[in-house]
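Okay, structure first, notes after.
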Amino acid sequence: MFILLKMIKRRVSPETWEAGQDFFRRLRGAMGYQETHWIRKTQIDSWQAFLGALPVGQLDVLEISPADATIWRDAGYRSYTAVQFPDFDVTKQTLPRQFDVIIADQVFEHLRDPARAALNVRTMLKDDGVFMLATPFLIRIHAYPSDYTRWTPDGLRDFLEDAGFDAEIHAWGNRKAVVANFKHWAAFGWGRDLRNEPNFPVNVWAYARKRKAVT
């Protein structure tokens, strides 16, 4: 089947190939297939539940490097701002305003100086705001444009505490998910195994708030 698809791809125009791919994506979706990456399914569900419990219509939200594939843009916020690397480098820059929620979804592993970036996020966050950060752990290197850092759950907690946050840490993964991503980014599909094996975290995320100053 794979060889046949390669032969077809070589014989049709890029536009025809993409139209066919889009048709089959829609067909799979109608049959219950989920294109969401398997490794991100639990994190995305957690984030959606977290945001759903907030008064989203009253929130000013900043998303760091969302690209075009973000699923966090259209949730009915009061305002949504996006900054994209390299035009905006969060390791060196801040915006002249503060936000209720700052989102960095699979971004910080690509930053050469994540510690400085975390301090800049803290500067842009309101005192009662939340920093939503997700990063991979047991995942192959993927350079967009570079790939520098991995955190275990304990490591991410300490990293955020060092930057002046109190963080609630979550993680998900299992051996099957680790292996499935050796060659490609496996989709959740029609319902892959979501059992969590704590010793095999694939995705680690945090809800972090500014640590209150001691008076």
Problem set entry | Coil-residue chymotrypsin sites (Phe, Trp or Tyr not before Pro) of the stretch 129-164, DSSP, other Cβ within 10 Å capped at 15 | Tyr148
Exercise. Which peptide among 62-68, 79-85 comes first, and what is the full order, when sorted by highest mean count of other Cβ atoms within 10 Å?
Worked result: 62-68, 79-85
Exercise. When you count, for each residue, the other Cβ atoms within 10 Å and take the mean per peptide, how do 106-118, 42-54 rank with the highest first?
Worked result: 106-118, 42-54
For this session: Calculate, in nm to one decimal, what Arg195 and Ile141 gain on full extension: separation in residues at 0.36 nm each, minus their alpha carbon distance.
Result: 17.0 nm
Exercise. When only DSSP loop residues count, what chymotrypsin sites (Phe, Trp or Tyr not before Pro) in the stretch 169-215 have their Cβ near at most 11 other Cβ atoms within 10 Å?
Worked result: Phe182, Trp190
Exercise. Share of Cα-Cα pairs in the stretch 37-210 beyond 21 Å, in percent?
Worked result: 46 percent
Seminar exercise, completed: Between Ala186 and Arg112, the FRET efficiency computed from the C-beta separation at R0 = 25 Å comes out, to the nearest 0.05, as 0.30
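Every read-out reported here was derived from the displayed coordinates using simple, explicitly stated rules and does not represent laboratory data. It should be emphasised that the depicted structure is a prediction, and the values quoted were computed from it without experimental measurement. Here Cβ is always computed from backbone atoms with ideal geometry, including for glycine, and neighbour counts include all displayed protein chains.
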